[in-house]
Amino acid sequence: QVQLVESGGGLVQAGGSLRLSCAASGRTWSIATYGWFRQAPGKEREFVTAIRWSAGITESADSVKGRFTISRDNAKNTVYLQMNSLKPEDTAVYYCAAGRSRTLRHAYETDYWGQGTQVTVSS
């Protein structure tokens with residue numbers, strides 16, 4: 001089992017920044033890719049960004065490219081999501097995700113989920 005604990009959500013004005021953290025514990029050696037998904041009220045959970053743990057290769061949804069950056073700290077088993085130039089449409093619950101495969105663009109590719117953290121962007 002792998003446990004994921006997110007932190008760092010909150011309320012921010014449009015144009016502002018937030019940084020989310022996701023601390024992983026347990027059988028982390030089994031995880032190839034970490035990522036972030038989000039889910040707004042009444043909408044499906046959607047892919048935001050992901051990073052391959054060993055190689056550091058990243059990919060992101062078009063909607064966040066140039067604004068959001070995913071990074072990792074190997075020593076702390078922690079993944080970060082730096083969110084800049086936030087927009088009201090970024091408002092959602094953000095979930096940390098971990099998967100054994102090298103791709104993590106779809107929810108079905110996720111083996112573990114965090115509990116979620118709310119991000120609210122006011123206009």
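The values are calculated or read from the model by the stated rules, or taken from the named source; none is laboratory data. None of these values were measured; they are calculated from a predicted model. Cβ: placed from backbone, ideal geometry, glycine included. Neighbour counts: every protein chain shown. When the accessible area is computed, the model is the full protein with side chains, heavy atoms only, and any ligands, DNA or RNA have been set aside. Shrake-Rupley method; radii C 1.70, N 1.55, O 1.52, S 1.80 Å.
Quick notes
- Charge dipole of the chain about the Cα centre (unit charges at C-beta), most positive-ward option of T58, C96, H106: T58
- Dipole check for the chain: with +1 at the C-beta of Lys and Arg, -1 at the C-beta of Asp and Glu, and the Cα centre as origin, the magnitude is about 240 Debye.
- A simple count of charges around A32, restricted to other residues whose Cβ falls under 15 Å of its Cβ and scoring Lys, Arg +1 and Asp, Glu -1, yields +3.
- 20 °C / 1.002 mPa s Stokes-Einstein diffusion coefficient of the chain, Kirkwood radius on C-alpha pairs, µm²/s: 152
- In this view, the solvent-accessible surface of S85, computed with a 1.4 Å probe and all protein chains in place, comes to about 60 Å².
- Cross-link partners of K87 among lysines, defined as those whose alpha carbon lies under 24 angstrom from its own and excluding same-chain residues fewer than eight positions apart: K43, K65.
- The heavy atoms of K87 present about 80 square angstrom of accessible area, all protein chains included, probe 1.4 Å.
- For segment 20-66, the square roots a ≥ b ≥ c of the C-alpha gyration tensor eigenvalues yield an a/c of 1.5 or more together with a/b not exceeding b/c, which makes the shape oblate.
- Here segment 58-99 is scanned for amide nitrogen atoms under 11 Å from the site 7 Å beyond the Cα of S7 along Cα-to-Cβ, giving none.
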